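Quick notes on the structure that follows.
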């Protein structure tokens, strides 16, 4: 199951409502969504993949993924966070194969060591087969305040190498706490990737999100995991917005964490491209027609025309056909606020 309903607001103005981050070719070949589906192809053929996205993106997503024969693309009529989306995907998978093991992946991650990724997925699947709700933990390589954390407990050798119990989940920390977590050997980034059997997930939802579980059980699903737009609209009109982390994982005592050894990055903002793309001798990451004169440590993107900087440091400058962003790198997380302002303006909403 691939979750592809995000807005990618911190990649504005390149990421827009009609073409969010996961549908952009930011790094490597193809869009981030295409890379995600390709990454799991050695283990999961396309006809066993469900992509959950927003209804207004469904046709666009299906078009981008048409080379993956048999893939299922489902459009959510409204955003309700990850628990309803994952619950829906699991219900559709269960209708097709009641005993299935499900791998849940966000569509906007970057993984550069694919062989190790597949090996770690296999370890997670073995633990999921044993009845665990499995989360993928990433060992931090820096003090990061933009991610949630997992505090790992004791090793679980009966489940395999690199499997741990989970003591607790921690929300995005402040800088001081992030530094402490980074120095510790027991804290991992919560990657948002999961593995479990549909039966184990259903049991967990019944215990911790019983209303959502009942709504999913009442959902009319046809053969092969097909569901009508009317049924989806009815389900989403009643489902409450809640994340799978808060609604289920933080409350369950049936969690295992697999230590992910593959190279991973969550492209959270323009600044994250510094970790992925090559920089020039002055530390600038440049894409498109860019002139960086006496400029250092900048992220510069030109989708149209030319971007030129002179004597500046630590800026994000992005030019598209209809909008331009200039931002200090320290404030890159606040770009989401620009989207909020655009959304509230009748005059400017067209630039979302």
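No value in this document is a laboratory result; all are computed from the given coordinates. Only a predicted model underlies this, so the values are computations on that prediction, with no experimental measurement involved. Quick reminder, even Gly has a Cβ in these numbers, built from the backbone with ideal geometry, and neighbours come from all protein chains shown.
Miscellaneous remarks
- C-alpha center-to-center spacing [the stretch 329-352, the stretch 11-55] in angstrom: 23 Å
- Computed over the chain with a Gaussian network model linking Cα atoms closer than 10 Å, the most mobile of 33, 88, 325 is 325.
- Prolate/oblate/rounded label for the stretch 8-120 (Cα gyration tensor, a/c 1.5): oblate
- Applying 0.36 nm per residue to the separation of residue 289 and residue 100 and subtracting their alpha-carbon distance, the gain on full extension is 63.2 nm.
- Spin-label pair residue 343/residue 122, simplified geometry with 7 Å Cα→Cβ offset, distance in nm: 4.3 nm
- Residues in the stretch 1-37 reached by a label modelled at residue 59 [backbone nitrogen below 16 Å; 7 Å Cα→Cβ]: 18-19
- Rh by Kirkwood over Cα pairs, then Stokes-Einstein D for the stretch 2-268 at 1.002 mPa s and 20 °C, µm²/s: 114 µm²/s
- Site pair residue 69 and residue 276 shows an inter-label distance of 3.0 nm when each label is modelled 7 Å from Cα along Cα→Cβ.
- Simple spin-label estimate for residue 334 and residue 246 in nanometres, 7 Å along Cα-Cβ: 2.4 nm
- In a fully extended conformation the segment linking residue 214 and residue 142 would gain 21.8 nm over its present Cα-Cα distance, using 0.36 nm per residue.
- Build a GNM of the chain with springs between Cα atoms under 10 Å apart, and of 135, 27, 110 the one that fluctuates most is 27.
- With semi-axes defined as the square roots of five times the eigenvalues of the C-alpha gyration tensor, the equivalent ellipsoid of the stretch 271-351 measures 24, 14, 10 Å, largest first.
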